[in-house]
Amino acid sequence: MKTNLKPTTCLAPVPAVMVTCGDEIENNIITLAWVGTVNSEPPIVSISVRYSRYSLPLIERTGEFTVNLVNQNLLRAMDICGVVSGKTQDKFALTGLTRIKGVQVKCPYIGESPVALECKVVRRTDFGTHAVLFGEIVNVIADEEYVKDGKLNLPNGLLVAYQNGNYTATGETLGTYAFTAKDIRK
Ligand SMILES: Cc1cc2nc3c(=O)[nH]c(=O)nc-3n(C[C@H](O)[C@H](O)[C@H](O)COP(=O)(O)O)c2cc1C
């Protein structure tokens with residue numbers, strides 16, 4: 001038996017990230033789970049930000065943001081940045097995360113994050129509750145241990161996922177890309 005439910009967003013698990021925004025003088029960290037991959041050439045990601053967030057005007061002002069990927073060591077900091085607003089607190093001070101000057105963008109990135117994607121906003125689309133900002137990735141800053149032959153090589157299980165109010169581990173490999181190819185009749 002199937003049942004029909006009220007329409008709702010229930011696409012999960014998804015990677016949860018910390019997005020940094022602002023400039024050298026005023027900056028902030030916001031935790032986001034509504035983040036997506038949009039385009040390959042040029043590389044574009046999307047972030048969905050509720051209108052009430054302190055971060056939204058900061059992103060709007062510079063036209064830039066940085067997506068900091070989150071590993072298990074950053075779990076507590078990510079949770080804090082998802083429940084406290086930059087309106088009232090400096091989340092770098094609160095979490096002890098290291099604020100590092102951006103390379104290609106004005107906003108700082110998080111030193112402890114294994115990978116930071118520096119983005120410039122190329123488009124914005126407004127919906128009822130959230131603004132969706134599309135950011136072209138203009139620079140990727142990675143810990144050297146995660147780079148192999150000049151390419152990003154993140155181990156399975158490094159990142160944290162978010163699902164239905166839970167932070168979950170990733171990492172059990174169930175198959176590899178195109179593992180069915182040998183079985184498909186041409
Ligand atoms: C795991 C997690 C995921 C979240 N995802 C989003 C999101 O995708 N979009 C959003 O607007 N807020 C999201 N939030 C809520 C914001 O992070 C939270 O309201 C934060 O305090 C806003 O910070 P700001 O006011 O400093 O910008 C999420 C929070 C958590 C804990």
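Bear in mind that the values in this text are calculations on the coordinates, not laboratory data. Just so it is clear, the model here is predicted, and its values are computed rather than measured. Neighbour counts run over all protein chains shown; Cβ positions are idealised from the backbone, glycine included.
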Worksheet item: Stokes-Einstein at 20 °C, 1.002 mPa s, Kirkwood radius from Cα pairs: D for segment 14-183 in µm² s⁻¹?
Response: 129
Worksheet item: Taking neighbour Cβ counts within 10 Å as the exposure measure, how do ILE25, ILE47 sort from fewest upward?
Response: ILE25, ILE47
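Say the cut-off is 31 Å between C-alpha atoms; which of LYS6/LYS87; LYS87/LYS148; LYS120/LYS148 go over it? Let's see the in-between values first.
Working: LYS6/LYS87 34 Å; LYS87/LYS148 40 Å; LYS120/LYS148 26 Å.
Violating the 31 Å limit, Cα to Cα: LYS6/LYS87; LYS87/LYS148.
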Fill in: For LEU5, LEU58, order by how many other beta-carbon atoms lie within 10 Å, fewest first
LEU5, LEU58
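So, with +1 on the Cβ of K and R and -1 on the Cβ of D and E, and no other charges, what is the size of the charge dipole of the chain about its Cα centre, to the nearest 20 debye? Let's see the in-between values first.
Details: 19 positive and 18 negative charges, 146 e Å.
I would put it at about 700 debye.
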Worksheet item: So what is the relative contact order for segment 61-133, in percent, with contacts set as C-alpha pairs under 8 Å and at least six apart?
Response: 39
Practice prompt. As a check on your grasp of the helix formula, calculate [θ] at 222 nm for the chain: sum -39500 (n - 2.57) over DSSP H runs of n ≥ 4, divide by the residue count, round to the nearest 500.
Written response: -2500 deg cm²/dmol
Item to complete: Under a cut-off of 20 Å between alpha-carbon atoms, report the lysines in cross-link reach of LYS91, not counting same-chain residues fewer than 8 places apart.
Response: LYS101, LYS106
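Please identify the chymotrypsin sites (Phe, Trp or Tyr not before Pro) of segment 110-155 that satisfy two criteria: DSSP loop assignment and at most 16 other Cβ atoms within 10 Å. Which are they? Mind showing how you got there, number by number?
Values: sites: PHE127, PHE134, TYR146; in loops: PHE127.
Within segment 110-155, the qualifying chymotrypsin sites (Phe, Trp or Tyr not before Pro) (loop, at most 16 other Cβ atoms within 10 Å) are PHE127.
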Worksheet entry | Vicinal HN-Hα couplings computed from phi for segment 158-171 (Karplus, 6.51 cos²θ - 1.76 cosθ + 1.60; Hz; Gly/Pro x) | 5, 8, 9, 9, 10, 8, 6, x, 10, 8, 10, 7, 10, x
